[in-house]
Amino acid sequence: MAEVHRFMKTSVMKIVIPGGSGQVGRILARHFHSQGHAVTVLSRNARQAPWRVVAWDGVTPGAWIDELGTSDICINLAGQSVDCRYNSTNRRAIYESRIQSTRLIGQVLASLNPAPSLWINASTATIYRHALDRSMDEANGELGGNEPGAPDTWNFSIDVAKGWEEAFFSTPTPTPLTRKIAIRSALTLSPDPGGVFDVLLGLVRRGLGGRQGSGSQFVSWIHEADFVRTIDLLIAREELCGIVNVASPNPLPNRDFMRVLREAWGIGFGLPSPKWMIEIGTYLMQTESELVLKSRRVAPGRLIDAGFEFLFPGWPAAAQDLVTRWRNKSVHE
Ligand SMILES: NC(=O)c1ccc[n+]([C@@H]2O[C@H](COP(=O)([O-])OP(=O)(O)OC[C@H]3O[C@@H](n4cnc5c(N)ncnc54)[C@H](OP(=O)(O)O)[C@@H]3O)[C@@H](O)[C@H]2O)c1
């Protein structure tokens, strides 16, 4: 890890983050900006931020191309949020926003000389099958799709992930000049308002933080500190390319995940939500039950092989840290 930090301190990089205004993008932009790197976020609604924000639409080339032309690294996170009902309109938007923006960036990178040396594209740990029995790593994990009895919404998410990666890897960038890495990320947890952790803690605070569904489905997660250190590692280690799982090495069943979060908050009780209640609740909240009921049991095989050492390998210490920082008012101001 010393090698990573030496690299990050001595080289000032220009990093362009399409879709970098969302939850994960803010974590990354904050991290690189605080280290003195030049961050540019590409956004459909350019607004003020501590870093540079440049307008794009994710569909057509424009002045934003100049940002990529002068960058060292592109980290593409763009895509309509999956936190919605998977009706036909939203399905199209979720799918097309990811595939189109990925293809567009690829076409632009292919036309650049010099091109950025690294293109990281978001993917998702959801690409693996509903896994209760064993962990899914990059080498031995099984992709999901058309599993007997799996709801249509689960297959949809898997199809999106597969299409997204296919668009990414099939785009003819000036490889090997531009290294390409798809990150299959687990739930990325930070105390930021409106993020996944904020939502989960909200349930716990209201006494609703019991197991969800059977509670036996696994939750894969990563603490924001390890997420950014993972990206640092991928930047520094030039031999790494292809698919990388970005998750802590200790996913755990939902019932234990929620119990640990309740303990970190200091509340003994949490109302369990059986599957029927989750289905009604997610309908009322205009989101999908897949996000909590599918078992995501993901192993960071390649990160471990690369010698990555997690600051927060286990959920109890991660949950305690996130709760403490959530309680710190300065986070919410
Ligand atoms: N959060 C997680 O734990 C997690 C886990 C696994 C994978 N991922 C994936 O990682 C990526 C980033 O996650 P996130 O939580 O930061 O997502 P997010 O908060 O929804 O942010 C994604 C960004 O994409 C842009 N966007 C939305 N619709 C778009 C469209 N139609 N065309 C182009 N850009 C569009 C938006 O930026 P503007 O409105 O500024 O344009 C938005 O801020 C997502 O693709 C997500 O699927 C996230």
### Message
Among A247, L187, N113, which residue has its Cα furthest toward the positive end of the charge dipole of the chain, with +1 on Lys/Arg Cβ and -1 on Asp/Glu Cβ?
### Response
L187
### Query
Can you give the charge dipole size of segment 194-239 about its Cα centre, rounded to the nearest 20 debye, using +1 on the beta carbon of Lys and Arg and -1 on the beta carbon of Asp and Glu?
440 debye
### Task
Treating only the Cβ atoms of Lys and Arg (+1) and Asp and Glu (-1) as charged, compute the dipole magnitude of segment 123-187 about its Cα centre; round to the nearest 20 debye.
280 debye
## Note on the structure
Per the charge dipole of the chain (beta-carbon charges, Lys/Arg positive, Asp/Glu negative, Cα centre), the residue among H130, C74, G210 reaching farthest to the positive end is G210
### Query
Using alpha-carbon pairs under 8 Å, 6+ residues apart, how would you state the relative contact order of the chain in percent?
18 percent
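Where does each of 235-245, 58-68 land if you order them by average Cβ count within 10 Å, highest first?
By packing density, highest mean first, the sequence is 235-245, 58-68.
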### Query
Around H223, what is the net charge, scoring Lys/Arg as +1 and Asp/Glu as -1 over all other residues with Cβ under 11 Å from its Cβ?
-1
#### Entry: Packing-based exposure ordering (other Cβ within 10 Å, fewest first) of V12, V196, V39
V12, V196, V39
### Query
In debye, nearest 20: dipole of the chain around its Cα centre with unit charges on the Cβ of K, R (+) and D, E (-)?
680 debye
#### Entry: Rounded Å value of the spacing that divides the Cα centres of segment 213-289 and segment 97-153
18 Å
### Task
Can you check what the net charge comes to around K14, using other residues whose Cβ is under 9 Å from the Cβ of K14 (Lys, Arg +1; Asp, Glu -1)?
-2
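No lab work stands behind these numbers, since they all come straight from the coordinates. These numbers were taken from a predicted model, which means no experiment stands behind them. In this analysis, Cβ positions are derived from the backbone assuming ideal geometry, glycine residues included, and neighbour counts consider all displayed protein chains.
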